1. Just checking, does region 26-35 include any residue being surrounded by 10 or more Cβ atoms within 10 Å (Cβ to Cβ) and either at pLDDT 90 or above or out of contact with any Leu (no Cβ under 6 Å at 6 or more places or on another chain) (or both)?
2. In a helix (DSSP H, G or I) and modelled with pLDDT of 90 or more, is that true of Ala73?
3. Quick one: how many residues across region 85-95 are open to solvent by less than 100 Å² (accessible area, probe 1.4 Å) and either over 15 Å from Leu72 (Cβ atoms) or of a type in the set (S, T, N, Q) (or both)?
4. Among Val90, Val86, which is of a type outside the set (D, E, K, R), touching a residue at least 24 places away in the same chain (Cβ under 8 Å) and assigned to a loop (DSSP other than H, G, I, E, B)?
5. If you go through region 43-58, how many residues are open to solvent by 20 Å² or more (accessible area, probe 1.4 Å) and more than 13 Å from the chain's Cα centre (by Cα)?
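The values are calculated or read from the model by the stated rules, or taken from the named source; none is laboratory data. Since the structure is predicted, the reported quantities are computational estimates derived from the model, not experimental observations. Here the Cβ positions follow ideal geometry from the backbone for every residue, glycine too, while neighbour counts run over all protein chains shown. Calculation scope for accessible area: heavy atoms of the full protein, side chains included, ligands and nucleic acids excluded. Shrake-Rupley method; radii C 1.70, N 1.55, O 1.52, S 1.80 Å.
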Amino acid sequence: NSRKRKKRKLQKKKLKKRQRLQSVKVDLPQTTSQQLSEDSELPVIAEVDKDGHYSIKLSTEDSRDVADLVELAGIVSDFHKTHPNVPVLVGGDKEVKYDAIIQLMASLKDAGVESVGLMTQPSSEQKK
């Protein structure tokens, strides 16, 4: 029994050490966002909410929910074939897990979209 406890204690210690080594402090730059120019085409907007539900808005159409990333990628792929110059933006609730945004962006890439923008809320300084 004491041997097993020592082994578990050692494993926990190694895990904690690995976790410390893997954590990285990131100091993100402060930036202001640019609005789309008024003469640019209305963008495709792919969004994920805090519960992991996806929606898509194609230019002038209303936003609609989609079942999953496969459906979203299919819709965007079909639209992108006939509208290759329309900007594609990704949005996510501030409480959404980072992985959900990455998965959304990967699905858009698989759909043939080479570049996506990230939607942001204007900072309090920009609102003034």
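1. yes
2. So Ala73 fits the description; yes.
3. Number of matching residues: 3.
4. Being of a type outside the set (D, E, K, R), touching a residue at least 24 places away in the same chain (Cβ under 8 Å) and assigned to a loop (DSSP other than H, G, I, E, B) holds for just one of Val90, Val86, which is Val86.
5. Qualifying residue count for the region: 2.
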